[in-house]
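J.: Encoded as structure tokens, here's the structure I'll be asking about.
Every read-out reported here was derived from the displayed coordinates using simple, explicitly stated rules and does not represent laboratory data. Just so it is clear, the structure is predicted and the values come from calculations on it, not from any experiment. Every residue, glycine among them, receives a Cβ derived from its backbone with ideal geometry; neighbour counts consider all protein chains shown.
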Amino acid sequence: MLELAVLALLSESPMHGYELRKRLNTMLGTFHRFSYGSLYPCLRKLQTEHYVTADDSSAANRLGGRSRVVYTLTAEGKERLGALLGEGGPSSWEDEMFGIRFAFFGKTDADVRLRILEGRRGRLEERREKVRSALARTRERFDSYTLELQRHGLESVEREVRWLTELIETERAQAPATGPSIETSTELSTDSTPPTPSDPGGNGNEVPPAR
């Protein structure tokens, strides 16, 4: 999860650790809070795997401040990022991972985006039915506050299902057409020679003019 987010951010520009953490929490803080305790081990692992390089920045300022290590994505890192963005299996449908995948949909191919959205919707539809069944079975055993909490959870799931359905419809509407384009068909029609009146089939056999 963190590997994808770090590689995706570094694909935009080199960054030092403080800036990376700030960007991560600004972009993904709704889903997960990132600490230095998780970020730096991830960066060291990415260095070991040659996905990023680490260099001292031009350095300590003239007042004697500490230099900062700047992390840069390598060619191998770009390939790794492409592979991660191409994955659209069940792990990307889960609560925590879906938020991160969605945050980088702009870097993800359309078919993968659609696969993730459909998978996420299916996962939530399963959850919705389980919550409904649980409410029906246990309604009499819960007090009014617990019931309200359960209803709130159900409404949240239903709201996200509707949102996902809208996104899926938008993705499908934006998908390129599989048939020939209107422009191509028009061009072909323009280039064709119309049949002569004496030859309705347009087979090219002309009748000589009457004398």
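J.: Could you work out the local net charge near residue 121, counting Lys and Arg as +1, Asp and Glu as -1, over the other residues with Cβ closer than 12 Å to its Cβ? Before the final figure, lay out the partial values.
T.: Numbers: positive: 115, 120, 123, 127, 128, 162; negative: 118, 125, 126, 158, 160, 166, 169, 171.
Result for the neighbourhood of residue 121: -2.
J.: Oh, and also: First check a/c for region 1-52, with a ≥ b ≥ c the square roots of the eigenvalues of its C-alpha gyration tensor; if it is under 1.5, answer rounded, and if not, answer prolate when a/b is larger than b/c or oblate otherwise.
T.: On the way: a/c = 1.73, a/b = 1.40, b/c = 1.24.
Verdict is prolate for region 1-52.
J.: Near residue 41, within a Cβ-to-Cβ distance under 14 Å, what is the net charge of the other residues, with Lys and Arg +1 and Asp and Glu -1? Please report the intermediate quantities before stating the final value.
T.: Working: positive: 21, 44, 45; negative: 3, 49.
Charge balance in the 14 Å sphere: +1.
J.: Here is a further query. Report the local net charge at residue 15: Lys and Arg +1, Asp and Glu -1, summed over other residues whose C-beta lies under 10 Å from its C-beta.
T.: Working: positive: 21, 22, 23, 68; negative: 12, 19.
Computed value for this residue: +2.
J.: Please compute, over every Cα-Cα pair in region 2-89, the percentage with a separation greater than 17 angstrom.
T.: Values: 1886 of 3828 pairs.
I get 49 percent for the Cα pairs in region 2-89 exceeding 17 Å.
J.: Can I ask one more? Please give the residues of region 1-18, grouped as numeric ranges, whose backbone N is less than 14 Å from a label point set 7 Å along the Cα-to-Cβ vector of residue 78.
T.: 8, 10-14
J.: Would you mind ranking 168, 100 by Cβ crowding within 10 Å, fewest neighbours first?
T.: Details: 168 16, 100 19.
Starting with the residue having the fewest Cβ neighbours, the order is 168, 100.
J.: Let me ask something else. Which whole number in µm²/s is D for region 95-162 by Stokes-Einstein, with the Kirkwood Rh taken over Cα pairs at 4 °C and 1.567 mPa s?
T.: The estimated diffusion coefficient comes to 95 µm²/s.
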